[in-house]
Amino acid sequence: MEFNVAQLMKEAIGARREFALDDEITHLDAGLTPLSHLIGTLELLRIHSGILATGAFHITLELQCGRCLEPVTFPVPVHFAESFRPLTDVETGRFLLPEEFEGQVEDLTDEALLIDAQHILDISEVVRQNIWLSIPIVAGCAPIDQDACPHYRKLLSEFTLANEDGVRSPSEAAGIDPRWEALLALQDELPSN
Ligand SMILES: [Zn+2]
């Protein structure tokens with residue numbers, strides 16, 4: 001996901017390039033399990049401080065259901081707009097001083113947003129971060145209604161059936177947590193007043 005932007009950097013503000021991407025990103029992040037390529041478009045726009053990269057992608061990931069812990073297939077949209085700044089002057093090759101930077105201060109310190117001395121703009125880190133931002137906090141077999149997870153429902157009904165067969169202890173049946181059951185005996189030993 002690297003783009004040589006030397007020519008674009010020499011062009012006037014407003015110049016743009018568009019790329020269609022269909023990239024395999026298995027090695028982008030060990031914590032991600034992609035089931036598809038990253039597919040979409042990237043627009044690179046020459047702005048005063050460097051290049052504004054706007055990405056509109058989608059990818060299918062394998063996530064874990066928050067209810068049953070089974071793997072689930074999840075399509076994830078990945079959208080971003082980030083301004084990249086050049087490390088060097090494209091005409092002279094001279095390293096630019098921080099005070100020469102014309103964009104937002106926060107963009108100045110982010111290494112992921114640097115166009116390197118060979119004029120390569122790399123969107124890998126931006127893509128990686130935005131995939132994580134797009135993943136739901138709790139994924140599930142049934143994303144709209146977590147309780148509709150079929151595995152969870154099956155477990156729930158098996159649990160209910162087991163209870164109907166009298167598997168529960170008498171105190172559980174009475175709504176008492178078995179872990180605290182031993183305390184009941186102490187209750188009887190307390191002096192009554
Ligand atoms: Zn599930």
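The values are calculated or read from the model by the stated rules, or taken from the named source; none is laboratory data. Predicted model only: the values in this text are computed from it and were never measured. Virtual Cβ from ideal backbone geometry, glycine too; neighbours counted across all protein chains shown.
The table below gives the values:
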{"read-out": "Some residue of region 28-46 being over 22 Å from Ala139 (Cβ atoms), at pLDDT below 95 and either touching a strand residue (DSSP E or B) at 6+ places or on another chain (Cβ under 7 Å) or not aromatic (Phe, Trp, Tyr) (or both)", "value": "no"}
{"read-out": "Lone unmet requirement of (1) of a type outside the set (S, T, N, Q); (2) farther than 16 Å from Gly140 by Cα; (3) at pLDDT below 95 for His79", "value": "(3)"}
{"read-out": "Subset of region 51-76 [away from the ligand (no atom under 16 Å from the Cβ) and modelled with pLDDT under 95]", "value": "Pro75, Val76"}
{"read-out": "All positions within region 22-74 that are without any contact (Cβ under 8 Å) to a residue 24 or more places away in the chain, part of a strand (DSSP E or B) and under 13 Å from the mean Cα position of the chain (by Cα)", "value": "His58"}
{"read-out": "Selection status of Arg168, more than 16 Å from the ligand (Cβ to nearest atom), of a type in the set (D, E, K, R), modelled with pLDDT of 85 or more and surrounded by 10 or more Cβ atoms within 10 Å (Cβ to Cβ)", "value": "no"}
{"read-out": "Residue ID - nearest to the ligand (Cβ to nearest atom), chosen from residues in region 95-149 that are without any contact (Cβ under 8 Å) to a residue 24 or more places away in the chain, in a loop (DSSP other than H, G, I, E, B) and of a type in the set (Val, Ile, Thr)", "value": "Ile144"}
{"read-out": "Selection status of Gly175, more than 16 Å from the ligand (Cβ to nearest atom) and modelled with pLDDT under 80", "value": "yes"}
